[in-house]
Every structure is written in structure tokens, then in C-alpha cells.
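Since every read-out is calculated from the coordinates, none of them should be taken as a lab result. These numbers come from a predicted model, not from an experiment. Positions of Cβ are generated from backbone atoms using ideal geometry, with glycine treated the same way; all protein chains shown enter the neighbour counts.
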Amino acid sequence: MMSAKTKIYIPNETTSNSVGSNDINRVISSLKGFDEVEIIRNGSWGAFWLEPFIEVEKDGERKGACYKGVDLSHCKTIDDFMTDFQNREPFDISRIDFIKKQMRIVFSRIGKGDPLDIAFYQSNKGFNSLRNALNLESQEVIDKIKKSGLTGRGGAAFPTGIKMQTVHDQNNSIKYLACNADEGDGGTFSDRLIMESDPFSLIEGMTIAAYAVGASKGFIYLRSEYPLAKSFLSKAIDIANKNNFLGNNILSSDFNFEIDLRIGAGSYVCGEETAMMESIEGRRGLVRSKPPLPAINGLFEKPTLINNVVTLATIPPLLNGSLSEFSEIGSGKSIGTMPFQLCGNILQSGLVETGFDISIGDMIKTFGKETKSGKPIHAIQIGGPLGLYLSSSMMSTKLTIESLQSIKGSVGHGGIVIFDDSVDMSEQAKFSMEFCAKESCGKCTPCRIGSIRGMEIIDRLQINKSSKQDIDLLHDLCETMEATSLCAMGGMTPNPIYSIINHFPGELTKE
Amino acid sequence: MTNLHEIIEPYVDIDGGLMPALHAIQEEEGYISKDAISELAKAFNYSNAEVLDVLTYYDDFTLEPLGRNIVRICRAEACQSLKSKELTDDLTSHFNLSLDETTADSKITLKEVFCLGNCALGPSVMINETVIGEADKSKVIKFLNEIDE
């Protein structure tokens, strides 16, 4: 009787590779007897602080251990490695609190298998939703998305179903779908994790959305800083085409859909939807005025559905039995699960998919534990470079869309960056202005020039701490940027600065 | 300039083909030369100025060749919280370069980048297409020495 081969899982994912996964794969693949085991390059579970997390599956039991900084040079054979592995007290990662206390609906497959193994994807509910969708009228699909309460996970939190309805209702024989994969916010990686560790879920979500709105062509606009995601996506698109999940007459229906992967070129503003369209069309990434809405007149002047990666990857679970589970989580605008990204100076960093209705304090206590440096937490930035800095006295702040809106903040794309007490808030305020100056598309003067003036004012305040004139000027400047910039770049850059003025008294001027 | 023509050709007839064509030239040639600009203008029916207008907007496209290895230090918030500023100072002083400069032997160009999506294990540095997490000066130097062997 043939017994199943022992499986060794070695993640192939940016963060895991960044701390040695590829090196471990090289070592294990060169050990004597390695052909007696099956090596699977899986995705990451998103418990990044454990990476490189190597798992062994034997006799139906799968356990893993952290191999960070481990020297395997004493191993000559696979048996040596197995002994080494057992000595590391391996455990089942799905049972640790960090994973167990999450509500993984969108990220349910992450880390479990080879991201490009289409059989694995299908045996874990993959493409069932597409089959279900193709058996429904497009309006019925949209109704389900509306019913789910899903809002855009890219930052603006607009109701996804309503956007789809607008595109659906346009009378135009050509419509497009554009997936915004220009995940530029510092402190975010949920889109990258989907694209690298579960790329078929994005393809499936895009195909369903395209069917619902009547688009026959989709673009993925991927930032160039994600080369591994590019490699996974292009392979996944090829595999999906070969298996008739993309292309003509998808799954023997009369629906045709193709996906074209386009690469950005290092511009943050191109994550703004109108700038993204300019870039896809081959121009400078300058922001367009709205109206017209992209849903009415978008890419190449055709009606275009624009959603970010996580939003689109959330669609398959909604058409596959998880709709009521999803829509029963949370209330108001903050429905369903949100992949928060816990990072920066935090011990247990990684992806946390959970409901919005959790305080920042509980998020840290339950998942992140404490700072990596062991020092006290001083500031927490939520929602990317345009998001608020919260102080350590604001731990009861809920992470709902409404709660953060009420203090002039935003959940944004779900990034949570922790700083210990060595942070200089004055430098953080100056950085907000510097980032705006570097990344402004240049269309609106308050954003293009105001941000440079803002850096200069904060520079002066760092020297002459109590200049009332400069403090008034900074307020004036922030108000002008907010009121007169076309997009969020200039319009929201003042938000982190206001939050430093309001929640970190005296720290803007280093008093 | 048959070579340039060959690089551009696959993108001429696709919608918004200028960006992928620029990427292809940057990758093949290492920069966008004056000849390439003229060739692109001809192929896409733009003026030279229009092509220059597009390419100078994007950080990834350069008008001069860069070093053989591009070292990008992440300066975004999550890496800031883990001392990316000190790492930047360490690397600029080690290589005796400012950001956006190239060593005299053309081996290394130092650049900044805002977020590599490796925020959980910062500070991060990307060397060509490889991301180094929990980076420090010695990890970066070790990696550069290994790829140079």
C-alpha cells in the first residue's frame, strides 16, 4: 500500500521570502532524500510575525514552526530536517488565537495551499460562486451584493452594489471593469496578500462583477512595487484562461470576459480612481474632475466599474453561502468583515480579518499584543498616510467607518501602524506634507505648492516653537488644502496634521 | 533602431499601449533614451514632447541609465516606526551616496520608495526585485555581495 507522501509547506510570498522562505526552500530542496517528500510553496497565513513559517503534513496532521534566522547547515538529509522540525515544538497555526479569533471569510483559503493550484482552489469552494452567478440574471447578482451591505474596501467605503447598479444601467455596448491594485498606502498589504496567496479569488470576483454589470474586458492596475504579485497574477490569469474560467463562453455560458494586467510606474496618486484611468490610458496620472462619474463615463470614455482588490475578492464568498453570515456582522455602513493590517512597531504583525466593531485597544490586545521594541505605544496611525494619528489615551476608539468619521478620520484601506514612544510627532507631521509634495499630481495648487509651504512652516516651528504667526498660517494652509483640492491627496493630507495638533498637545513644535 | 521598434511593436495596437511600451524599454535598455522617445512618438502618433510629458511623471522611468542594482529603501510610515530613517542614514553613509545617486562604478543606485507592502516586517529594502525584511546595513551588504559573485 502506498502511503501519502509527507508534505512540507514553504511559503512563497513577499513577506515570508523577505525573511528567508526562499533560502529555506533552497536548502530543503537540496537535502538527500528530498524526493521522498512533497514540497508545496503555499501562500502565507498572514501571521507575518511567525514567518518564515514552515509546516509539515504527515498522517493527516499539519503542524508548523517559525524558522526565522534558523541555520539548517547541520541537516544533510530530509530525516535530519524532520528531527530538527520536531525539536521546534511545531503547532497547528489554525488553533492559535491570532488566527482563531479572526473571522476569515475573504481570506479563508490564505496560506492553506499552493496559490496557483487550481484544483486546490476548486476543492475549497473556488469558482462555485461564478457558476452560481452565471445561472442568475445579472440584476439578481447585483441585488445580492446590495443585500450584503458590502462597501468599497479601497478607502472611500462607497456601497459596492449601488456602484454596480449604475454601471449595469448604462446603455452602452462596451463597458469596462478596472481593478485598482495600486495599494499605495503605507502600512497596507491586504491586496498584495490576495494577489500573491489567493489570486484566483480576485479573478473569480472580477468575472462575477463583470457579468453583473455587462463588462467584457477588465484591467488590473497593479503597482510596480509588487513584482511577486505580478508574477502570480499573470500565471493565474493564464491558468484561468486555459480552464475556461476566463475567455470566451465562460463555463459554456454566452458570457465572455478577458483580463489585462497593467503595471503602474511608481505614482501614489494613480491609486486615485480617475488618475488610475489616465495612467491606464497612457497619460500622466493627473486627477480628473468628477462628474462625470467613472460608472457613467470612465475608461476610454466608457462606463467603468472600479473596485479595489479586496472588494472584488469579497464577492465570491457572498455568492457561495456566506452572504447572511457576512451581512449579519456589524451595523450601519460598517457591515461585514474588514481585513485590517496590523504593522509597524508591533510584536504580532499581520493580517487580521474581523468585524469593524472592535476598539483599537482590543485589536492590539487580542492580536498585536505589544510593541516589538517593548516600549510603550505612543501613536497609532489608522487608514494610511492620509489617516489620523491616535494617541495611547484613545484606545477605546472603535474601528468602524462611523466612529472614525466622527473624529475626522477614516478606516481607509485598513492599515494600522503602531509607533512606540521614540516617535517624533513633529517629524511625522512634516512627513505628511513631504509625502504630499512628492506624490502630488500637480493639478491643484494647494496640494502641489501648499504641501511644500507646509513643510517649511513645520521646519520653522521646530526651531521657533511658539510662533503664533506660523501656527495660524499652518491652520490656514490646511483649511485651504482641504477646501480646494480636487482629490483626497491634498484634501486629506491635513488630517494627520490636525490629529497631531489635537491629540498630541505640544508635540508639533517639540515642546 | 530596429531593436527599439521591436520592443515597442507589441504595444502599438493595444489601448493605452504607451505605458507598457515605456516599461518594456526601461526594462530592456535600462532607461528611456532620446532615440526611444522619438521611436515611441512615431509609433503612437504623439509629439516627442508628449511622450516626455508622460514618462517624466512616473518615478520608474528614467532619462539616464541607473546602476546595475537598484536599492530602494522604504520610507513609508510602518518602516519609519522601525527606524527606517536610521537605516537610510546607515546606507547613504556606507555607500557615500545621497538618494537618487549612483556609485562611480555603476554598481548601485540608491533610491527611496513609499511602501513595498512588507509593512509587517519592516524596515524593508528592495534590491532589484527582492524584498529584504527586518533590514539592516549588514543584510543589505550581504545580499549585494552575494548577487555580485
- prompt: What is the stretch A:84-235 by shape, rounded, prolate or oblate, if you read a ≥ b ≥ c off the alpha carbon gyration tensor as root eigenvalues and call it rounded for a/c under 1.5, prolate for a/b larger than b/c, and oblate otherwise?
  reply: prolate
- request: Sort out for me the Cα centre separation of the stretch A:132-155 from the stretch A:310-344, rounded to whole Å.
  value: 12
- request: Select from B:Ile14, B:Ile32, B:Ile132 the residue whose mean-square fluctuation is largest in a Gaussian network model of chain B (Cα-Cα springs shorter than 10 Å).
  value: B:Ile14
field: Helical contribution to [θ] at 222 nm, DSSP H n ≥ 4, -39,500 (n - 2.57), averaged over the protein assembly as shown, rounded to 500
entry: -11500 deg cm²/dmol
message: What whole-number distance in Å separates the alpha-carbon centres of the stretch A:33-107 and the stretch B:90-140?
response: 30
query: For B:7-16, what's the mean count of beta carbons from other chains sitting within 10 Å of each residue's beta carbon?
result: 3
query: In degrees, nearest 10, range 0 to 90: what is the angle between the Cα axis of helix B:18-29 and the longest Cα principal axis of chain B?
result: 60
- request: Could you tell me which of rounded, prolate or oblate describes the protein assembly as shown, using a ≥ b ≥ c as the square roots of the eigenvalues of the alpha-carbon gyration tensor, with rounded for a/c under 1.5 and, failing that, prolate when a/b is larger than b/c and oblate otherwise?
  value: rounded
message: Can you tell me, using C-alpha contacts under 8 Å and at least 6 residues apart, the relative contact order of chain A as a whole percent?
response: 13
query: Where does the charge balance sit around A:Pro385 when Lys and Arg score +1, Asp and Glu -1, over other residues with C-beta under 9 Å from its C-beta?
result: -3
- line: Of the listed pairs B:Lys83/B:Lys137; A:Lys68/B:Lys107; B:Lys111/B:Lys139, those with alpha carbons more than 23 Å apart are A:Lys68/B:Lys107
statement: Among A:Asn248, A:Pro496, A:Thr160, the residue whose Cα sits farthest towards the positive end of the charge dipole of chain A, when +1 is placed on the Cβ of each Lys and Arg and -1 on the Cβ of each Asp and Glu, is A:Asn248
query: Relative to the longest principal Cα axis of chain B, at what angle does helix B:137-148 sit, 0 to 90 degrees, rounded to 10?
result: 50
- prompt: What dipole magnitude, in Debye to the nearest 20, does chain A give about its Cα centre under +1 on Lys/Arg Cβ and -1 on Asp/Glu Cβ?
  reply: 440
task: Would you mind pulling out the separation of the Cα centroids of the stretch A:172-238 and the stretch B:4-66, in Å?
output: 24
